[in-house]
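Data block below; observations after.
The values are calculated or read from the model by the stated rules, or taken from the named source; none is laboratory data. What you see is a predicted model; the values in this text were computed from it and never measured. No Cβ is skipped: glycine too gets one built from the backbone with ideal geometry, and neighbour counts run over all protein chains shown. Just the protein is used for accessible areas: all its heavy atoms, side chains included, with ligands, DNA and RNA removed. Shrake-Rupley method; radii C 1.70, N 1.55, O 1.52, S 1.80 Å.
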Amino acid sequence: MEQRHLGRTGLRVSRIGLGTLTWGRDTGEHDAADQLKAFWEAGGTLVDTADVYADGGAEYLLGQLMEGLVPRRDLVIATKAGSVPDPDRRFDGSRGHLLSALDASLERLGTDHVDLWQVHAFDPATPLDETLQALDIAVGSGRARYAGVSNFSGWQLAKAATWQLGAPGVRTRLASTQMEYSLLQRGIEREVLPAALDLGVGLLPSSPLGRGVLTGKYRHATPADSRGASEALAPFVAPYLDEAAGHIVDAVATAADGLATTSLQVALAWVRDRPGVVAPLVGARNAKQLRAALSVEALTLPDEICRALDDVSAPVHRYPDQDWSTL
C-alpha cells in the first residue's frame, strides 16, 4: 500500500487507515484479529483507536493482538484522549486529565509509546494553551511520537496549529486533524480543510463511506445485520438516509457500474484522493468487508467521474465561504 507523509512531518502512514470504533463491543477478538492481519498483509500501517472506544476495550484488544499477531514495529498506532462519560462535560482537555488518560492508554495497549496522540475534541472550559501543553509534554517525554487533534472547527484548528508553530523546537507541530469527511459530509471544506492545507496539517477522514451508506447497502432496505439495524448505531446512520443523500448514493452506484467496480471503492477512492487527505479511516465488521475496502488501492477515479461526483454532492457555500466581492 502506498505510504504518505502525515502533514508536514516525517511520519509516513498507509493511505488507508484501520478504524477500531467497534472493537471490544460489536467486533470480538476473532474478527478483530482477522482484520488486523489482513490489514498488515496488505501493507497497512495506520491503526486508529481511542480511550473511549468500548470504554478502553478497543485499546486493550489491540494491545493483546500486537503481542503475538502483528509486530508492534510494523504499525503506526494512533489513539485519542479527552472524551469523558459525563453528561455535563463531554470533553476534558485539561492537562491533568489528558496525561493521565495517555498513561492509561499505554497500559492497555501494552506499549511504551503511541505514534500519534490526538486530542479527541475541543474543550471550551480549558484554556487551549493548557490542552496543547499536554501534547508537548507527551512528545517531550517520549510517550507519543507525534500529536494531532480531532473534531476541531476551522478557527479552533487554525488557533491551535498557529500556537504550536509560534515556538518551533519547543512546541510540538500538529501533524494531523481527524474529521468526518465523505461524499455525504463535505462540511469541512468550508474552513477546516483550507486551514489544514495552509498550516501543513494532514487530514485523517473518519466515516469516509458516509457511515456505511455510500456502499449502497441501504438503497432499498436496511439489512438486518447492518449498523442501521443496530439499536446502538441506528441513530448514527439515520442522518444519511434522507432524499438528498439518496441522490448522491445513486450517483456513486452509477459511477461504479460504469467503471465495473463497487460503490464502496468509488466512494473511498474519491475521499482518499482529495487535496489534503492523508488516510481515510475504515471501520469494518469483519475481514471480508475490510479486504473489499483495501482493494481500492488499485483504483484511481477518472477526472470526469470525480467532477460528476463533486457536482452532485456539492455543499451549499454562502457568505462568507466563497468569494463574495461580486455580491
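Using only alpha-carbon positions, what ratio does the radius of gyration of region 207-327 give when scaled by 2.2 N^0.38 Å? Write out the running numbers ahead of the final one.
Numbers: Rg = 15.6 Å, N = 121, 2.2 N^0.38 = 13.6 Å.
After normalising by residue count via 2.2 N^0.38 Å, the value is 1.14.
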Top of 201, 149, 52 by mean-square fluctuation, Gaussian network on the chain, Cα under 10 Å: 52
Heavy-atom accessible area ranking, 1.4 Å probe, most first, across 214, 259: 259, 214
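Explain nothing, just the number: dipole magnitude of the chain about its Cα centre with +1 on each Lys and Arg Cβ and -1 on each Asp and Glu Cβ, in debye rounded to the nearest 20. Numbers along the way, then the final one.
Numbers: 31 positive and 41 negative charges, 99 e Å.
Here the size comes out at about 480 debye.
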Total formal charge among the other residues, if their Cβ is under 14 angstrom from that of residue 153, Lys/Arg +1 and Asp/Glu -1: -3
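Computed from the mean reciprocal separation of all distinct C-alpha pairs, what Kirkwood hydrodynamic radius does region 1-77 have, in Å? Provide the component values of the computation, followed by the final result.
Numbers: mean 1/r = 0.0789 Å⁻¹.
Taking every pair of different Cα atoms in region 1-77, averaging 1/r and inverting gives 12.7 Å.
Scan region 222-314 for trypsin sites (Lys or Arg not before Pro) in coil per DSSP, keeping those whose Cβ has at most 16 other Cβ atoms within 10 Å, and list them by number.
Details: sites: 227, 272, 285, 288, 291, 307; in loops: 285.
When the trypsin sites (Lys or Arg not before Pro) of region 222-314 are filtered for loop state and at most 16 Cβ neighbours within 10 Å, 285 remain.
Excluding residue 247 itself, what net charge comes from residues whose Cβ is under 12 Å from its Cβ, given Lys and Arg +1 and Asp and Glu -1?
On the way: positive: 219; negative: 242, 243, 250, 311.
Once all neighbours under 12 Å are counted, the net charge is -3.
Please get the size of the charge dipole for region 62-130, origin at its Cα centre, with Cβ charges of +1 on Lys and Arg and -1 on Asp and Glu, quoted in debye to the nearest 20. Spell out each step's value before the answer.
On the way: 7 positive and 12 negative charges, 36 e Å.
Dipole magnitude for region 62-130 comes out near 180 debye.
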Spatially proximal lysines relative to residue 217 (Cα-Cα < 24 Å; intrachain offsets below 8 disregarded): 288
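For region 25-146, would you read off the P(r) tail past 18 Å as a percentage of all alpha carbon pairs? Write out the running numbers ahead of the final one.
Working: 3754 of 7381 pairs.
Above the 18 Å cut-off, region 25-146 has 51 percent of its Cα pairs.
What ranking of 220, 30, 120 comes out by heavy-atom accessible area, probe 1.4 Å, highest first? Walk me through the intermediate numbers first.
On the way: 220 170, 30 130, 120 20 Å².
So the residues, ranked largest to smallest area, are 220, 30, 120.
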Cα gyration tensor shape of region 137-187, rounded if a/c is under 1.5, else prolate or oblate by comparing a/b with b/c: oblate
Alpha-carbon spread of region 107-246, three principal axes, descending order, Å: 55, 38, 26
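Tell me the carbon and sulfur percent of the accessible area for the chain, rounded to whole percent, probe radius 1.4 Å.
Values: 7420 of 14550 Å².
Roughly 51 percent, rounded to a whole number.
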Global form of region 178-274, assessed from the alpha-carbon gyration tensor, a/c cut-off 1.5: oblate
Alpha carbon centroid spacing (whole Å) that separates region 226-303 from region 1-63: 18
